[in-house]
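*Asks:* Submitted below is the structure of interest, expressed as structure tokens.
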Amino acid sequence: MTIIQDRPGPQPGAPHGTLVEEPLTEFVPGPRPRGWVKFITSTDHKQIGLNYMVTAFIGFLTAGLMAEGMRTQLIAPNNHFVTPDIYDQLLTMHGTIMLFVFLGPFAFGLANYIVPLQIGAPDMAFPRFNNLSYWLYLGGFIVMTGGFLTNNGAANFGWFGYAPLTNAIHAPGPGADMWLIGIALTGFSGIFTAVNTITTVFCLRAPGMVMFRMPIFVWNQLVTMFLVLLAFPVLTSALGLLWADRHLNTHFYEPGGGGQPILWQHLFWFFGHPEVYILALPYFGVVTEVIATMSKKPVFGYKGMIGATLSIGGLSMGVWAHHMYTTGAVLLPFFAALSLLIAVPTGIKFFNWIGTMWRGTITLNTAMLFTVGFLAMFLFGGITGVVLAQPPLDFQLHNTYFVVAHFHYVMFGGSVFAVFASIYYWFPKYTGRMLDERLGKLSFALLFIGFNLTFFPQHDLGLRGMSRRIAVYDSNLGYNFLNALSTTGAYITGIGVIPTLINIFKSMRTGAIAGDNPWDGQTLEWATSSPPPDHNFESLPPIRSERPLWDANHPDELTRVGH
Amino acid sequence: MSSLSGRLLATNFGSPPGVTVGDKYVRSLWHITYYIGTPLAALVVGLIIWCLVRYRVKPGEEHRVPAQFQYHIPLEVAYTIIPLILVAVIFGFLYGGEDKITNVSKNPAIKITAEGFQWGWRFTYPNGHQEQGTYQAETNINSVANLPVLYMPANETVQIRLISDDVDHGFYIPAFLFQRDMIPGVNNVVDLNVTKTGTYLGECDQLCGVYHSYMRFKVDVMPPSTFNSWMSSQAPHSITNAGVHQ
């Protein structure tokens, strides 16, 4: 445990009240690896975090192209841009990659990069284990996407893979196996990252960083990682049973042999609903950080916010069957009540975010714009969530485009906008350079307009009765115009990503120099250089609240005690 | 199908009118959700916009000092308790409606078995008569002429047993505002009481393989007398194949 011994702190003999500035590593063995060698071998949490985020963003672009393919197919009724089989492969891999390769692992990347910095730690608790997590994840991405190169194509039974459509008879061929193995690999990666992050948060906090002084982002990551530990092993086991059904002739999900297809649905959604919060809670943390920093205020209702996060985490374990209302095999009132209850802590968060902005001095830059976009669209997705939580309305809307619209408002309008907010907020820390604001605002405008144009009409399509996952639709049912609108929006959304990509490549080399703390930030990641050195900190400000850097920089503007 | 704005202004709040007795429960839930959700959303969006307009740093006020408050316990308690009450109200409404919609009668007017398979439908009547059809009879998605037909009487409780021969399917009739999955190993029985005669379109809404999009059927809801005479004209254990003219 030499790392812990190397951490800065008051030293015996040092003058009272000063901080020791000593190098954190005692010896540096020769030149550090660079470029590809660094990418492959590094156990530095910052390098691994960036590896995660870059790989996840490539996943986002890959799955985004698949979405453009699907929307092109649906631009007109009875269209034949792709065959129904290709369409099914696209919809399966779009969902699988977006969830298992992009949104989750991007948050893991943020956890890797930001969590140790925010708690004043020199690295993650298990750096080599961390490196293994990344390689399992990358392997999973390559394996599941590699399905497209096989004889029968990639998996084509939806990202939820309901048995018995996934068995060896209905889904022959290696594409389905590669889907299954790919998800299992990313699942192990997630479990390892969760173990690592939880240990880091519990064991490597800097002196003074008690639990109730951790930034909200760290709290949200911590709760998320517990959800990962509870949910992912269930999925991995369910996939193991499925693999056995496919290759060892077992009958876990085979009705013919006494198995139960509904078992898969229970196991899958027991993972699947916590997964939704695994993909949302870290991003709630991101927007909380951005709002507090850009408003120059402490997080309003800090402890209430943590309570809300914990109750969302707890409730999310008990609502899986609201994905199964229409199966006729679950107790409806129980799951409806718990599902509705989740709206309460989520609402608390909204009011806390508003309270954080209240009477602040708000800088409306690109990171903040994406955050406001997040607030507006996540709110809308939350309200349609209350609609769908009610079984009688779910009987009407389940498996229609209303559901597609709902969860894209949550996952795209919510989490993906927070991904962009995180890029614009922390890019200066990653690279030492600022992103261009004009390109950023252009990207925001295109994404905001494109996103709403794509998904708002889908609410109405669902109310009109258009079901999901159909490759062709009848031209006589009033779906035509709304689908054309939606596809137009999808193209605008796709174009909207380009300014951000250009921005990243351009600003890496020519962006304005950021300095340590470009936003007048409050938390410890801004207390070190940009990018931070190996083992992160030369010295730490005293930690007396959840925003130690603000306290150090603004001693006359401390959080007012009382209410 | 009327426009969205037309439906929003009508009392259904965007949801098309249903044609079954369950419609009024669905409608009451749309109402209560909108009455609670719309003002709440307006309040939250309004507050966010107010913050951005009022507290944004405008040129010339770079030295304004942000207020550094953090807690307001009465306010925090209020926005925890009030949403809890609102959620409880919604739950009260849905509990009653959900019970009515999923209730299964002991003495239905007629029992029909609906069977889904890759990729088609088979409807079996009490005397053994079967109406069936597959995607092969109707490969043009724009035509409904050769789809299998589910005949049923209006204003009567029709009990449908939903089974699947192979993979999961979904029994979905948009105009009924209702669907139920067909899962091997799950015994699903639903009651439908349609109040308006006419022909409706139904479809499988659970991804079930390549020709999922083509797995549709028609529902012909007839006055009870017409249905009874149709029923009595069908020979026991006879089979009508959609798209095949006998």
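The values are calculated or read from the model by the stated rules, or taken from the named source; none is laboratory data. Every value quoted in this text rests on a predicted model; they were computed, and no experiment measured them. All Cβ positions, glycine included, derive from the backbone under ideal geometry; neighbour counts span all protein chains shown. With ligands, DNA and RNA removed, areas are computed over all heavy atoms of the protein, side chains included. Shrake-Rupley method; radii C 1.70, N 1.55, O 1.52, S 1.80 Å.
*Asks:* Restricting attention to the range A:240-255, and to residues there that are touching a Phe, Trp or Tyr at 6+ places or on another chain (Cβ under 9 Å) and in a helix (DSSP H, G or I), which single residue is most open to solvent (accessible area, probe 1.4 Å)?
*Replies:* Initially, the range A:240-255 is screened for residues touching a Phe, Trp or Tyr at 6+ places or on another chain (Cβ under 9 Å), giving A:241-242, A:244-245, A:252-253.
Subsequent filtering for residues that are in a helix (DSSP H, G or I) retains A:241-242, A:244-245.
Details: A:241: 49, A:242: 6, A:244: 13, A:245: 14 Å².
Ranking the candidates gives A:241 first.
*Asks:* Counting only residues that are out of contact with any Leu (no Cβ under 9 Å at 6 or more places or on another chain) and more than 7 Å from every other protein chain (Cβ to nearest Cβ), how many does the range B:67-86 have?
*Replies:* First, the residues of the range B:67-86 that are out of contact with any Leu (no Cβ under 9 Å at 6 or more places or on another chain): B:67, B:69-82, B:85.
From what is left, the residues that are more than 7 Å from every other protein chain (Cβ to nearest Cβ) are B:74-75, B:77-78, B:81-82, B:85.
Within the range B:67-86, residues that are out of contact with any Leu (no Cβ under 9 Å at 6 or more places or on another chain) and more than 7 Å from every other protein chain (Cβ to nearest Cβ) number 7.
*Asks:* Six or more apart or on different chains, Cβ atoms under 7 Å: show the pairs whose first residue is in the range B:69-86 and more than 23 Å from residue A:340 (Cβ to Cβ) and in the same structural domain as residue B:37 (by TED's automatic domain parsing) and whose second is in a helix (DSSP H, G or I) and open to solvent by less than 80 Å² (accessible area, probe 1.4 Å).
*Replies:* Going by the 7 Å Cβ cut-off, the qualifying pairs are B:70/A:302.
*Asks:* Does the range B:204-221 hold any residues that are open to solvent by 20 Å² or more (accessible area, probe 1.4 Å) and outside any helix (DSSP H, G or I), and which are they? Give the derivation first.
*Replies:* Going through the range B:204-221, the residues open to solvent by 20 Å² or more (accessible area, probe 1.4 Å) turn out to be B:210-211, B:214, B:218, B:220.
Correct list: B:210, B:211, B:218, B:220.
*Asks:* Moving on to the next point. Has the range A:62-85 got any residue that is open to solvent by less than 10 Å² (accessible area, probe 1.4 Å), among the charged types (D, E, K, R) and more than 22 Å from residue A:501 (Cβ to Cβ)?
*Replies:* no
*Asks:* I've got another one for you. Within the range A:27-50, can one find any residue that is in contact with a His (Cβ under 6 Å, 6 or more places away or on another chain) and modelled with pLDDT of 95 or more?
*Replies:* Our first condition is that a residue be in contact with a His (Cβ under 6 Å, 6 or more places away or on another chain); within the range A:27-50, this holds for none.
No: the range A:27-50 contains no residue that is in contact with a His (Cβ under 6 Å, 6 or more places away or on another chain) and modelled with pLDDT of 95 or more.
*Asks:* So which residues in the range A:471-528 are aromatic (Phe, Trp, Tyr), farther than 30 Å from residue A:123 by Cβ and within 14 Å of chain B (Cβ to nearest Cβ)? Let's see the steps before the verdict.
*Replies:* Restricting attention to the range A:471-528, the residues satisfying the condition of being aromatic (Phe, Trp, Tyr) are A:473, A:479, A:481, A:491, A:505, A:519, A:526.
Imposing the further condition that a residue be farther than 30 Å from residue A:123 by Cβ reduces the set to A:473, A:479, A:481, A:491.
Within the range A:471-528, A:473, A:479, A:481 meet the criteria.
*Asks:* In the range A:321-343, which residue that is part of a helix (DSSP H, G or I) and open to solvent by less than 10 Å² (accessible area, probe 1.4 Å) is farthest from the other protein chains (Cβ to nearest Cβ)? I'd like the intermediate steps shown before the answer.
*Replies:* Taking the range A:321-343 and keeping what is part of a helix (DSSP H, G or I), we get A:321-323, A:325-327, A:332-341, A:343.
Next, from what is left, pick out any that are open to solvent by less than 10 Å² (accessible area, probe 1.4 Å): A:321, A:325-327, A:336, A:340.
Numbers: A:321: 13, A:325: 9, A:326: 5, A:327: 5, A:336: 6, A:340: 5 Å.
Of everything passing the filter in the range A:321-343, A:321 is farthest from the other protein chains (Cβ to nearest Cβ).
*Asks:* State which residue is farthest from residue A:242 (Cα to Cα) when the search covers only the range A:256-290 and only residues that are polar (S, T, N, Q) and open to solvent by less than 10 Å² (accessible area, probe 1.4 Å). It would help to see each step written out before you state the result.
*Replies:* So in the range A:256-290, the residues polar (S, T, N, Q) come out as A:260, A:265, A:288.
Okay, now just the ones that are also open to solvent by less than 10 Å² (accessible area, probe 1.4 Å), so A:265, A:288.
Numbers: A:265: 12, A:288: 40 Å.
Top of the filtered list is A:288.
*Asks:* Under the condition of being open to solvent by 40 Å² or more (accessible area, probe 1.4 Å) and part of a helix (DSSP H, G or I), which residue from the range B:120-162 is modelled with the lowest pLDDT?
*Replies:* In this case the residue turns out to be B:136.
*Asks:* I'm trying to understand the selection: among the residues of the range A:471-493, which are polar (S, T, N, Q) and either in contact with a Lys or Arg (Cβ under 8 Å, 6 or more places away or on another chain) or farther than 26 Å from residue B:208 by Cα (or both)? Talk me through it step by step, then tell me what you get.
*Replies:* Quick first cut of the range A:471-493, residues polar (S, T, N, Q) only: A:475-476, A:480, A:483, A:486-488, A:493.
Matches in the range A:471-493: A:486, A:487, A:488, A:493.
*Asks:* If the requirement is being open to solvent by 10 Å² or more (accessible area, probe 1.4 Å), within 26 Å of residue B:69 (Cα to Cα) and either modelled with pLDDT under 95 or not basic (Lys, Arg) (or both), which of these qualifies: A:311, A:295, A:237? It would help to see each step written out before you state the result.
*Replies:* Values: A:295 fails: open to solvent by 10 Å² or more (accessible area, probe 1.4 Å); A:237 fails: within 26 Å of residue B:69 (Cα to Cα).
Every option except A:311 fails the conditions.
*Asks:* List every residue pair whose Cβ atoms sit under 8 Å apart, with the two residues 6 or more apart in sequence or on different chains, where the first one lies in the range B:87-106 and is more than 14 Å from residue B:26 (Cα to Cα) and more than 7 Å from chain A (Cβ to nearest Cβ) and the second, anywhere, is β-branched (Val, Ile, Thr) and open to solvent by less than 50 Å² (accessible area, probe 1.4 Å).
*Replies:* Close Cβ pairs satisfying both conditions: B:89/B:32; B:89/B:36; B:104/B:189; B:104/B:190; B:105/B:157.
*Asks:* Please verify whether the range B:103-126 includes one or more residues that are touching a Ser or Thr at 6+ places or on another chain (Cβ under 7 Å), within 20 Å of residue B:197 (Cβ to Cβ) and of a type in the set (Gly, Ala, Ser).
*Replies:* yes
*Asks:* Can you name every residue in the range B:71-119 that is of a type in the set (Phe, Trp, Tyr) and open to solvent by 50 Å² or more (accessible area, probe 1.4 Å)?
*Replies:* B:71, B:91, B:93, B:95
*Asks:* Considering the range A:354-370 alone, what residues qualify as being within 8 Å of chain B (Cβ to nearest Cβ) and among the hydrophobic types (A, V, I, L, M, F, W, C)?
*Replies:* Filtering the range A:354-370 for residues within 8 Å of chain B (Cβ to nearest Cβ) gives A:354-355, A:357-364.
Those that are within 8 Å of chain B (Cβ to nearest Cβ) and among the hydrophobic types (A, V, I, L, M, F, W, C): A:354, A:357, A:358, A:362, A:364.
*Asks:* Is it the case that the range A:152-170 has a residue that's surrounded by fewer than 19 Cβ atoms within 10 Å (Cβ to Cβ) and part of a helix (DSSP H, G or I)?
*Replies:* Taking every residue of the range A:152-170 in turn, none turns out to be surrounded by fewer than 19 Cβ atoms within 10 Å (Cβ to Cβ) and part of a helix (DSSP H, G or I).
*Asks:* Suppose the filter is open to solvent by 10 Å² or more (accessible area, probe 1.4 Å), closer than 30 Å to residue B:208 by Cα and of a type in the set (Gly, Ala, Ser); does residue A:146 pass it? Before you say what the answer is, go through the steps one by one.
*Replies:* Working: open to solvent by 10 Å² or more (accessible area, probe 1.4 Å): yes; closer than 30 Å to residue B:208 by Cα: yes; of a type in the set (Gly, Ala, Ser): yes.
When the stated conditions are applied, residue A:146 passes them.
*Asks:* Taking the criterion of being closer than 19 Å to residue A:216 by Cβ, open to solvent by less than 10 Å² (accessible area, probe 1.4 Å) and among the aliphatic types (A, V, I, L, M), would at least one residue in the range A:544-556 satisfy it?
*Replies:* no
*Asks:* Same structure, new question: Quick check: is even one residue across the range A:546-558 within 30 Å of residue A:125 (Cβ to Cβ) and assigned to a loop (DSSP other than H, G, I, E, B)? Steps first, answer last, please.
*Replies:* From the range A:546-558, those within 30 Å of residue A:125 (Cβ to Cβ) are A:546-553; that's our starting set.
Of the ones still in play, those that are also assigned to a loop (DSSP other than H, G, I, E, B) are A:546-547.
Checked against the condition, which is being within 30 Å of residue A:125 (Cβ to Cβ) and assigned to a loop (DSSP other than H, G, I, E, B), the range A:546-558 yields at least one hit.
*Asks:* While we're looking at this one, here's another question. Among the residues that make up the range B:163-184, is at least one of them under 19 Å from residue B:145 (Cα atoms), more than 8 Å from chain A (Cβ to nearest Cβ), open to solvent by 10 Å² or more (accessible area, probe 1.4 Å) and assigned to a strand (DSSP E or B)?
*Replies:* No, the range B:163-184 has no match at all.
*Asks:* If you check residue A:193 against the conditions, is it assigned to a helix (DSSP H, G or I) and β-branched (Val, Ile, Thr)?
*Replies:* Numbers: assigned to a helix (DSSP H, G or I): yes; β-branched (Val, Ile, Thr): yes.
Yes.
*Asks:* Another question, then. Among the residues of the range A:208-228, is there at least one that is touching a residue at least 40 places away in the same chain (Cβ under 8 Å), open to solvent by 60 Å² or more (accessible area, probe 1.4 Å), away from every other protein chain (no Cβ under 14 Å) and not in a helix (DSSP H, G or I)?
*Replies:* Step one: of the range A:208-228, the residues touching a residue at least 40 places away in the same chain (Cβ under 8 Å) are A:208-209, A:212-221, A:223-228.
Okay, now just the ones that are also open to solvent by 60 Å² or more (accessible area, probe 1.4 Å), so A:212-213, A:226.
Still in the running and away from every other protein chain (no Cβ under 14 Å): A:226.
With the extra rule that they be not in a helix (DSSP H, G or I), the set shrinks to none.
No: zero hits.
*Asks:* When residues of the range B:35-59 are filtered for being of a type in the set (Ser, Thr, Tyr), open to solvent by 70 Å² or more (accessible area, probe 1.4 Å) and facing chain A (nearest Cβ under 9 Å), how many remain?
*Replies:* Our first condition is that a residue be of a type in the set (Ser, Thr, Tyr); within the range B:35-59, this holds for B:35, B:38, B:55.
From the residues that got through so far, the ones that are open to solvent by 70 Å² or more (accessible area, probe 1.4 Å) too are B:35, B:38.
In the following step, the residues that additionally are facing chain A (nearest Cβ under 9 Å) were identified as B:38.
Residues that pass the stated criteria total 1.
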